[in-house]
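The values are calculated or read from the model by the stated rules, or taken from the named source; none is laboratory data. This one's a predicted model, so the numbers in the text were calculated from it and none came from an experiment. Cβ atoms come from the backbone with ideal geometry, glycine included; neighbour counts cover every protein chain shown. Areas reflect the complete protein model, heavy atoms only, side chains present, ligands, DNA and RNA absent. Shrake-Rupley method; radii C 1.70, N 1.55, O 1.52, S 1.80 Å.
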Amino acid sequence: MSDIIPLEKIEGRILLIRGQKVMLDADLAELYGVTTKRLNEQVKRNRDRFPDDFMFQLTGDEKDKVVANCDHLKKLRFSYALPYVFTEHGAIMLATILNSEVAVKASIQVVRAFVKLREMMATHKDLARKLNEMEKKYDSQFKVVFDAIRELMSPPQKPRKKVGFRRENE
């Protein structure tokens, strides 16, 4: 199954919304081999299995931000429906109600992606904590070194695209 759904593809579909790592219904439907409509129908039939910490619906503003930041979701821009998002537990529950071989196998990869992301975040937090401890131990002569390390730990800023026309002389 890992050859069919690369872990990196799943990791790229995990979003941070309202402080939670989630996946959109459309992305999970694609991974589980069903339509988004069928996935949401099954969720409605089994609503008691999806408490608020397993699933929630995006607001219009949240949907607009997600569509603006995720190229693969451009088709949602003109959809009137507000998408649902599922936490790791919600994604697992989806596999149980869809009850297909593809859904079960894909859910294993989804869980692995969430776990890998959790491990990376824990490592990053641990590194930041150790850096703070070292900075407290050593005097200000190493401040430049610590600032440089912190800068390397932060995600890179994307350069802004220039807007306008260029003259042929330039």
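Could you compute the net charge surrounding MET23? Neighbours are other residues with a C-beta less than 11 Å from the C-beta of MET23; K and R count +1, D and E count -1.
Spelling it out: positives minus negatives among the neighbours equals -3.
Grab the beta carbon distance between ARG47 and LEU16, set R0 = 30 Å, and tell me the FRET efficiency rounded to 0.05.
Once the sixth-power term is evaluated, E becomes 0.75.
Could you put ASP25, ASP64, ASP71 in order of accessible surface area, largest first, with the 1.4 Å probe and the full protein assembly present?
Ranked from most to least accessible, the order is ASP71, ASP64, ASP25.
Under 1.5 on a/c is rounded, so check that first for the stretch 1-100, then, if it is not, pick prolate when a/b is larger than b/c and oblate when it is not; a ≥ b ≥ c are the square roots of the alpha carbon gyration tensor eigenvalues.
The shape class here is rounded.
Points 7 angstrom from Cα along the Cβ direction at LYS75 and GLN57: gap in nanometres?
So the two model labels end up 2.2 nm from each other.
Work out the FRET efficiency for ALA68 and GLU8 from their Cβ-Cβ distance, taking R0 = 22 Å, and round it to the nearest 0.05.
Efficiency, rounded to the nearest 0.05: 0.50.
Points 7 angstrom from Cα along the Cβ direction at VAL102 and ARG118: gap in nanometres?
2.7 nm
Need one word for the stretch 39-97: rounded, prolate or oblate. Basis is the Cα gyration tensor (sqrt eigenvalues a ≥ b ≥ c); a/c below 1.5 gives rounded, then a/b vs b/c decides.
Prolate is the answer for the stretch 39-97, as a/c is 1.5 or above and a/b outweighs b/c.
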